[in-house]
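Only one structure is covered here, and it is reproduced in the block below.
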Amino acid sequence: MDLNTILSQLEADDEEEIETFLRQYIRENNHTFSFDQKEESLRVKLCQSVLAVLGRKVKPSCQKTCLETLRILSRDKRVLAPVATREGMLILGGMARLNAGEEGDDNQKISQEDTQSEEEERVVVEALKCLCNVVYNSPAAQQVSVDMQLVHGLCATLRTARTWHHEVGLFTLRLLFLVSALRPDVRGVLIREWHAVRLLTEVLEHTLDVSWVGPYEATRPDPQALPMPAEDNERAMEALKALFNLTLSDTGGEEDDHQFRLIAAILRHQLMLKTETEEKTEEAHSHAINLLNNLPVSCLDVLIDLPVQGGQEIYGGRNMDAVQKLIDFMEKRMDKGSNYKEGLTPVLSFLTEGSRRHREIRRYIKTQVLPPLKDVKIRPEIGTTTRNKLVRLMTHVDMGVKQTAAEFLFVLCKESVDNLLKYTGYGNAAGLLVARGLLAGGRGETQYSEDEDSDTEEYKSAKPFINPITGHVEEPMPNPIEEMTEEQKEYEAQKLVNMFDKLSRQNVIRPMGVRPDGTLAPLEETLCDPPEDSGSDSD
């Protein structure tokens, strides 16, 4: 439809005509995300005209149609100047009933608890959708939202979570997530002044239907219960994303410690829940793991200390159900074979810190990931076991992925170089050992309990024949120079010397040595390093 025709109709006072023309525009552009640059100025004018109509007292059906039009226009960040103003944001905030901190029309300050018709509720939802688009696409709108204290209205709405209809709650939480993600300076205000962490925790608790049987211990979900409804799961994920932003920095204090432990308990409950599809369950668990990574490690005991429900005696009475869920999640992400950096490293990092801090968690994970070795004839990176998959990641092209996987296995081995080499081979572990300055052997800095002898008889008998570089027993190789004459041997040796000399002069390779502290350095530096004090004098 011609935009000039629509603009001329918007100047009239006939609401029905306005609705008719805008609905046709919506039908034609509902799935449009890329717009014609030639009509950019006309779309800017359309934004201005739609806002002008919304500024008048028009009926809810006309408001909804105008907001749907504005939602489509707000996909184009180049036409948002009229909306990204105080006046434009106040209009949208009023329609979304978020202007709690503004002086203005009393009819724009109705709480979510007030009775609304279905049409009025659609107006609120469409206004929230518009605000999400505008805030996401316009830095100017982000600044205006801060100046007009939009977060105050959002937090006021969070207090009415029990009365929410699904989409009102969903887009309120999404808008809070966007503001807290795009404006880090607002996070402190949200935490200190509006108590957003506590409010979001309550939203999460209500949405997941958590009931408590003890301090930081929620009831176990009924295995026979129906899966969590998709709408509840959607809102829970938006709350998790907003909480992730707000917990990126730890403010400390007893009150925070209680809040973090409460969040950890709720996240444990969520890990035990299933949604309507396996894909959505995995997505929800991914957001839960991201948030768990932000919590202080001291709070992680909440995941395994369940006095009422009990645990396994072998692990000090701790309950390992949540840890098993995390291991299962890790396996699924490894089997996907892609997007390791965002999909796998968060759970590996969390399991690493949990294992480093809690002996029972480390012992349980080790039984799953690094069981006692029996077959040592196959290279550690070949196979379908969890250990094989993780060892393959130790040589991944992405530095972050390879370091995270190596660190995880290193911690499971109590940061013992000898134990790590037993499970991975020197070649796979070399990158970690160089980074940690442990090429000469030894241990990391973390203190662990005394080693327990977990070697199988098969491993003990094969140990003398294992190649430490590859980590497995190799078939004896035929000697390539056995049938050569002395002249042939001398020729091959000289050729090898020439090749090394050429590579060295071209700086393709460089002779290296190991310093006393276990780090690599050019060979000439290691030869020149003064030896450590041997206790004897020399002239």
Read through the labelled values (i) 25.3, 86; (ii) 26.0, 100; (iii) 31.4, 107 and report the label of the one computed as Rg and Dmax of the Cα atoms in Å from the structure. (iii)
May I ask you to give the solvent-accessible area per residue for the stretch 272-402, in square angstrom, as obtained with a 1.4 angstrom probe? 46
So, relative contact order of the chain in percent, Cα under 8 Å, 6 or more apart, is 7
Once you have a ≥ b ≥ c as the square roots of the Cα gyration tensor eigenvalues for the stretch 1-89, tell me rounded if a/c is under 1.5, and otherwise prolate or oblate according to whether a/b is larger than b/c. oblate
If each residue of separation counts as 0.36 nm, what is the full-extension length gain between Glu486 and Val210 once their alpha-carbon separation is subtracted? 91.3 nm
As a quick test, which of the pairs Lys422/Lys495; Lys341/Lys366; Lys241/Lys332; Lys129/Lys241; Lys274/Lys366; Lys377/Lys414 have an alpha carbon distance above 28 angstrom in this structure? Lys422/Lys495
With all protein chains modelled, accessible area of His165 [1.4 Å, Å²]: 110
Taking the mean number of other Cβ atoms within 10 Å as a proxy for protection, how do you rank 191-200, 435-444, 335-344 from highest to lowest? 191-200, 435-444, 335-344
Give the lysines whose C-alpha is closer than 16 Å to that of Lys45, dropping any in the same chain fewer than 8 places away, or say none. Lys77
So what's the gap between the Cα centers of the stretch 298-334 and the stretch 19-40, to the nearest angstrom? 52
With all protein chains present, the chain has a carbon and sulfur share of its accessible area (1.4 Å probe) in percent of 49
Compactness of the stretch 324-363, expressed as Rg and Dmax over alpha-carbon positions, Å: 10.6, 31
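The values are calculated or read from the model by the stated rules, or taken from the named source; none is laboratory data. Computed from a predicted structure; not experimentally measured. Here Cβ is always computed from backbone atoms with ideal geometry, including for glycine, and neighbour counts include all displayed protein chains. Note: accessible area is taken over every heavy atom of the protein model, side chains too, but ligands, DNA and RNA are not part of it. Shrake-Rupley method; radii C 1.70, N 1.55, O 1.52, S 1.80 Å.
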